[in-house]
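Enquirer: After the structure tokens below, expect a handful of questions from me.
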Amino acid sequence: MSTPNGFPQHSGACVTRSTEGGAVQDLHAKKAGKAAKKEAGGNGVLTFEDPPSVDTSLNETLKLLPGELKAHMKIKSITPRPPRKPRLERAASLDEKSWRRWRRFRTSQESLTDPNETSSSNGSLQEASLSPPVRGRASPCQQNSLHSSPDASEAGPMGKSRGGTSDLGKRASEISSAFGGLLRGKAFAGGKPRLSQIMPARPLPPMEFNVASHTLRTANRIDSDCMDYRHYSQHKFGRVSSSLSDTRLHGNGMVCDNCSTDSMKSTFSLLTPIRSKDVRSRSYLEGSLLATGALLGAEELSRYFPDRNIGIFVATWNMQGQKELPVNLDDFLLPTDPDYAQDMYVIGVQEGCPDRREWEIRLQETLGPHYVMLYSAAHGVLYMSVFIRRDLIWFCSEVEYATVTTRIVSQIKTKGALGICFTFFGTSFLFITSHFTSGDSKVNERKLDYNKTIQALTLPKNVPDTNPYRSSSNDVTTRFDEVFWFGDFNFRLNKDRETVDSILNQNPETDVSKLLAYDQLTSEMSRGSIFKGFQEADINFRPSYKFDIGKDSYDTTSKQRTPSYTDRVVYRSRYRDDIHAVKYSSCPVIKTSDHRPVFALFRVKVRPGRDNIPLAAGQFDRELYLIGIKRRITRELQKRQEQKDQKSSSICSVS
């Protein structure tokens, strides 16, 4: 006979005992099950045999029952249900795995508590006699046997069977209490106490995350467009700690802990992840100042410069036309006082060396691969080079330049001015290097050179003025936000040589306030006759002119020229406190000219800009960059070889 679902139907047996209380319990008989299987097997039909269950001890006890008790029992025929699909098989395997993992965790906790009593901690687990719960599907008779009534605990011939059932209940209660203690963070009874959490006696000092430059921290900033990337990845991939490929690592059986997973995920922190919809929607040259995604807007500026300040190095040097260049320019371009290099380097030269290209290569070699030459220009023997960090070339406009000759004969270009301008984000910059008329008493001629320069320097050309309402057609310095003017201005000290020497001998270090009282430029600026609106940082270095070449002594020739501050750096800004002078000094170690190089370090505030300006689009001198890098590595290899040869030559053998 078959059931409606196609399984063969056969008879089984269920043992029932009636009590005076009226509680009836059906117990599945093992012999009846086997008989049903044997009968069905005789008919040639494949039958189902119930799996062994907990009531086996009860069935064995039935053999020992006296005849009187068997007379009161009723045997009912039942039809077992067909087996269902093992839907909980996977869950059971997970529970077994979690049980084993929990036992290892428990053992390790007790081992950490007392490393010398590892065996006792393992024994405590054995004493608990806990085994993982076996999950399976019981037959209806098995369920009835497990849910016995309180009346079934009476003393009698079946006490042994009932005792086994109660032992199983105790076992289950022990398991539940054990897991409850684990969830509450408690140990088993008799187990070793866990180590208490160690708390610091006082709050830990705050950790400084910013170890990069104060001005440029591109690796530590996150684009606000992608601030929700963590939430997005958690929703998309299920867990934040997983990278895109760690599922394949786990699937292949590879050992992949959290550290290795995080190290793989760290590739996302080098460059900010960009979503596809942002790539589709982002565009430039819209003229937007605050819109999301603007190349020169506030969002991009804050990502590169959180404090909106950049570091600028400005230097001037009269090379006296010498062919010989210094062996090392590190002390000039990379002074040791500031902790970090600057974001922009602008170097102006008067009476430059005959080989201008060699000078630029030396600058690139010294600054190294982190910097590129944005632009360079020349006017006769006036040179100017602008280097910028390679990360920042995308935020510069086209670079423009103009020149002015202050000589009566314009073909002679030894005196004059050279200006370079561009816009960085939304701030316009103008750099001017000049060589004014020389002579101790020619102050008026130098003022004329200044006036001619500010009127004849035709800048800007194509780059729009960031604030045309504050500009003047008669003064080029009013048409830019930040202006730096540097060069050999040739202003002298109105004092004789003996007096100046005595002051220098009295104050050999940095107290030069007495000398500045005789400085022509300081006096003229205070009157407002030259460099109107400009400022100069405090001077705390010795006069930069005139030295004997290769020596630290001032002019010892028959002319006995008075030492003077001819080489200067001044600056002005449209907005108050936009420029802050950090350092103003000279470089006394470079002695190839009668002038000492003078440099100044500035922190300059930068504002966001609009994209509708002619962009430089990352343009720089690639050829110079490659030559400078090759020179740099060649120099390093030569230095290592020299050190190696020196060590080998210092070893002598004694025979």
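Enquirer: Can you compute 3J(HN,Hα) from phi for each residue in the stretch 635-646, using the Karplus curve 6.51 cos²θ - 1.76 cosθ + 1.60 with θ = phi - 60°, rounded to whole Hz and x for Gly and Pro?
Expert: My calculation for the stretch 635-646 gives 5, 5, 5, 5, 5, 5, 5, 5, 5, 5, 5, 5 Hz in order.
Enquirer: Given a 1.4 Å probe and every protein chain left where it sits, what share in percent of the accessible area of the stretch 298-632 is carbon and sulfur?
Expert: 46 percent
Enquirer: Considering amide H positions built from the backbone, and no H for Pro or chain starts, which residues 5 or more places from GLY487, or on another chain, come under 5 Å of its amide H?
Expert: Amide H neighbours of GLY487, under 5 Å, 5+ apart: SER434, ARG568.
Enquirer: May I pose another question? Dipole magnitude of the stretch 298-632 about its Cα centre, charges +1 at Lys/Arg Cβ and -1 at Asp/Glu Cβ only, in debye to the nearest 20?
Expert: 680 debye
Enquirer: Sorted by accessible area with a 1.4 angstrom probe, largest first, how do THR406, THR466 fall?
Expert: Ranked list, largest accessible area first: THR466, THR406.
Enquirer: Moving on. LEU325 to MET199: FRET efficiency via 1/(1 + (r/R0)^6), r the Cβ-Cβ distance, R0 45 Å, to the nearest 0.05?
Expert: So the FRET efficiency works out to roughly 0.15.
Enquirer: Using 7 Å Cα-to-Cβ label points, what is the PHE541/VAL589 separation (nm, one decimal)?
Expert: Label-label distance for PHE541 and VAL589, simple model: 1.3 nm.
Enquirer: How long is the gain from LYS630 to ARG390 if the chain were fully straight, where each residue apart is worth 0.36 nm and the alpha carbon distance is subtracted?
Expert: Result for the pair: 84.7 nm of gain on full extension.
Enquirer: What is the set of long-range amide H partners of LEU325 at a cut-off below 5 Å, with H atoms built 1.01 Å from backbone N?
Expert: none
Enquirer: Which number do you get for Rg(Cα) / (2.2 N^0.38 Å) in the stretch 298-632?
Expert: My calculation over the Cα atoms of the stretch 298-632 gives 0.96.
Enquirer: From the phi of every residue in the stretch 310-322, what ³J(HN,Hα) in whole Hz does the Karplus formula 6.51 cos²θ - 1.76 cosθ + 1.60 yield, where θ is phi - 60° and glycine or proline is x?
Expert: Here the 3J(HN,Hα) series is 10, x, 10, 9, 10, 9, 9, 7, 8, 7, 6, x, 6 Hz.
Enquirer: Between SER648 and ASN505, what length comes free when the chain is fully extended (0.36 nm per residue of separation minus the Cα-Cα distance, one decimal in nm)?
Expert: Length gained between SER648 and ASN505: 46.9 nm.
Enquirer: When ranked by the protection proxy of mean other Cβ atoms within 10 Å per residue, highest first, what sequence do the peptides 551-564, 512-525 form?
Expert: 512-525, 551-564
Enquirer: For the stretch 298-632, report the accessible area per residue in Å² (1.4 Å probe, heavy atoms, rounded to an integer).
Expert: 41 Å²
Enquirer: Ordered by packing density, taken as the mean number of other Cβ atoms within 10 Å over each peptide's residues, highest first, how do 577-586, 449-458 rank?
Expert: By packing density, highest mean first, the sequence is 449-458, 577-586.
Enquirer: Hey, another quick one. Report ³J(HN,Hα) in whole Hz for each residue of the stretch 467-481, in order, from the Karplus equation J = 6.51 cos²θ - 1.76 cosθ + 1.60 where θ = phi - 60°; Gly and Pro get x.
Expert: Those phi angles translate into 8, x, 6, 10, 9, 10, 6, 9, 9, 5, 6, 7, 9, 9, 6 Hz.
Enquirer: Regarding the stretch 510-570, what are the three Cα extents along the principal axes, ordered largest first, in Å?
Expert: Sorted largest first, the three principal extents are 37, 23, 19 Å.
Enquirer: Probe 1.4 Å, all protein chains in place: accessible area of ASP355 in Å², nearest 10?
Expert: Roughly 80 Å² of ASP355 is accessible to a 1.4 Å probe.
The values are calculated or read from the model by the stated rules, or taken from the named source; none is laboratory data. The model shown is predicted, which means the values in this text are computed figures rather than measured ones. Every residue, glycine as well, gets a Cβ built from its backbone with ideal geometry; the counts of neighbours run over all protein chains shown. Surface areas here come from the heavy atoms of the whole protein model, side chains and all, with no ligands, DNA or RNA. Shrake-Rupley method; radii C 1.70, N 1.55, O 1.52, S 1.80 Å.
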